[in-house]
Amino acid sequence: MASLAGRSIVSIKDLSKEEILSVLGKADRLKINPEPRLLEGMVLGSCFFEPSTRTRLSFETAMSKLGGKVVGFADGAVTSAKKGETMWDSMRIIGQYVDVIAMRHPLEGAARRASEATNKPVLNGGDGANQHPTQTLLDLFTIRECQGRIDGLDIALVGDLKYGRTTHSLAQALTHFNVRLHFVAPDSLQMPDYICEELKNAGVEFHIYDKMEDVINEVDIFYLTRIQGERFPDQMEYERIKNVFRLKKEMLSDVRNNLKIMHPLPRVNELDEKIDDTSHAYYFEEAQNGLFVRQALIASVLGKI
Amino acid sequence: MEQKTLSVSAIKDGTVIDHISAGHALKIVRLLDLASHKQVVTIGLNLPSGSLGVKDIIKVAGKELSEEEADRVAMFAPQGTVNIIKDFQVVKKFNTRLPSLITHIIVCPNPKCITNHEAIETKFKTIGNNGQLKLQCHYCEKIFLQSDILEYKNN
Ligand SMILES: [Zn+2]
């Protein structure tokens, strides 16, 4: 396995299965044994060309908890981008100041481009609808944490599977494991063909449903995502689907004991707040795990663990 | 063979690019900037072809196409053959080979791709899938069919 030191992580596909497992293992250790001085004297450039408060705070907190410092900006529209400077120039210059960069950008491919502009490792915190590898890693970490394994699980991906990059990357990453996938979405928002083809090529078993009730009793992980109104040209259709794709506490009466519900958050109305107090809710732990996974990734690309 | 060569006039010295996918000859003319070539360039469109049904063909007088140039046009002629002609005789014949990475030529059809917003040399990975060519943008990672590509850059 190649070391992650000095490498940019732009896409989940940049990581082999061994590398993914190595990051998860390091995140495990950091969750149990914090390392508050590990990155002393190092600086993270937090470059958010588009606001995303939670992802940014998670990266910045991860760096701070390892003893490193953070510089950066929270909204590129008010910084250099507005003066007409190219992203390439910005990243090249910032790369000269800092040791590692976390970035988010509204354009697809921006993080790959940035990784070519600087020789410092770039961690992609989202480039438009393309990739968000730290989300995928924290999802894998969370699945493994709450079930004790990934292999052998039945995992449902639910909601907007057509446009949701979170579910695409997670499905792609799960091709490394021996899992059964269950896709639950309205017909018009089902998993795109190219992902289904990748799964077939990798020999992953998957099934397609249009109602949550059809599968909720038969899975270990129920990964719910938001359906956005702007995806629907017809608002009446959206109102109908919005009510069909709503997970309520009553629907959990016959589920497996070990079922855990995950959600990348923020939620709107697809996930009933009454579920929060049940033993099945695991989305707040999922959000917290982002911190450990990002710590593991930052420390790995800096060659410190 | 005899009849095919008759359908476009013969050249003394130069290159014949044969078995171009029908409808793509003009893209190759643009790509290789053959319009500003100082000698005769003959283009045949929609000629009958045994293997392709219909094909395009280009004959360039006074130019020996390099293998590197041939590979660049391979996207428009995946089954293309290049004949180097000297004194009316074919002295060298080779097939175009699709490179694994196509740089510069393709404009990414994704309007949200960074390559459409900053001056960047585009790169596309070629994915040969049972004869149907697919292209993946190195930056936005989207996968396109060749027919999805609406625009190509000149040199
Ligand atoms: Zn692109």
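The values are calculated or read from the model by the stated rules, or taken from the named source; none is laboratory data. Quantities reported herein were computed from a predicted structural model and do not represent experimental measurements. Here Cβ is always computed from backbone atoms with ideal geometry, including for glycine, and neighbour counts include all displayed protein chains. Remember, those area values only see protein heavy atoms, side chains included, never the ligands or the DNA or RNA. Shrake-Rupley method; radii C 1.70, N 1.55, O 1.52, S 1.80 Å.
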Quiz item: If you take every DSSP beta bridge whose two residues both sit in the protein assembly as shown, what share of them, in percent to the nearest 5, is antiparallel?
Solution: 50 percent
Exercise. Using R₀ = 51 Å, calculate the FRET efficiency as 1/(1 + (r/R₀)^6) where r is the Cβ-Cβ separation of A:GLU197 and B:LYS92; round to 0.05.
Key: 0.80
Quiz item: Simple spin-label model, 7 Å along Cα-to-Cβ: A:GLU285 to A:GLU18 in nm?
Solution: 3.0 nm
Exercise. Would you pull out the residues with amide H under 5 Å of B:ILE20's amide H, same chain only if 5 or more places away, H placed 1.01 Å from N?
Key: B:ASP56
Self-check item: Simple spin-label estimate for B:ASN46 and A:ASN243 in nanometres, 7 Å along Cα-Cβ
Solution: 5.5 nm
Practice problem: Collect residues whose amide H, placed 1.01 Å from N in the peptide plane, falls under 5 Å from the amide H of B:ILE127; neighbours closer than 5 in sequence don't count. | Solution: B:LYS134, B:LEU135, B:GLN136
Quiz prompt | Net charge contributed by nearby residues that have their C-beta within less than 11 Å of A:HIS207 (K/R +1, D/E -1) | solution = -3
Quiz item: Over the heavy atoms of B:LYS125, what accessible area does a 1.4 Å probe trace out, to the nearest 10 Å²?
Solution: 100 Å²
Quiz prompt | Centre separation in Å (Cα based) which lies between the range B:79-96 and the range A:3-36 | solution = 53 Å
Quiz item: Can you pull the percent of chain B's accessible area that's carbon plus sulfur, 1.4 Å probe, other chains left in place?
Solution: 53 percent
Exercise. With a 1.4 Å probe on protein heavy atoms only, work out how much accessible surface B and A bury together, total over both chains, in Å² to the nearest 100.
Key: 1300 Å²
Practice problem: Using a 1.4 Å probe and counting only protein heavy atoms, arrange B:GLU141, B:GLU121, A:GLU273 so the residue with the most accessible area comes first. | Solution: A:GLU273, B:GLU121, B:GLU141
Quiz item: Could you give the nm distance between label points at B:HIS37 and A:ILE93, where each point is 7 Å from its Cα heading toward the beta carbon?
Solution: 4.7 nm
Practice problem: Please report the relative contact order for the range B:14-95, taking Cα pairs under 8 Å with a sequence separation of at least 6, and give it as a percent rounded to a whole number. | Solution: 41 percent
Self-check item: Relative contact order (percent, whole number), the range A:164-296, Cα cutoff 8 Å, 6+ residue spacing
Solution: 21 percent
Practice problem: Enumerate the residues in the range A:244-275 having an amide nitrogen under 17 Å from the point lying 7 Å beyond the Cα of A:LYS211 toward its Cβ. | Solution: A:244-255
Quiz item: When you count, for each residue, the other Cβ atoms within 10 Å and take the mean per peptide, how do B:32-38, A:207-213, A:283-289, A:96-102 rank with the highest first?
Solution: A:96-102, A:283-289, A:207-213, B:32-38
Quiz item: For the range B:14-95, what does the alpha-carbon gyration tensor say about shape, rounded, prolate or oblate, given a ≥ b ≥ c as the root eigenvalues, a/c under 1.5 as rounded, and a/b over b/c as prolate?
Solution: rounded
Exercise. Enumerate the amide H contacts of B:TYR139 below 5 Å, restricted to partners 5 or more residues apart or on another chain; note that Pro and chain-start residues carry no placed amide H.
Key: B:LYS123
Quiz prompt | the protein assembly as shown, accessible area per residue, ligands and nucleic acids excluded (1.4 Å, Å²) | solution = 46 Å²
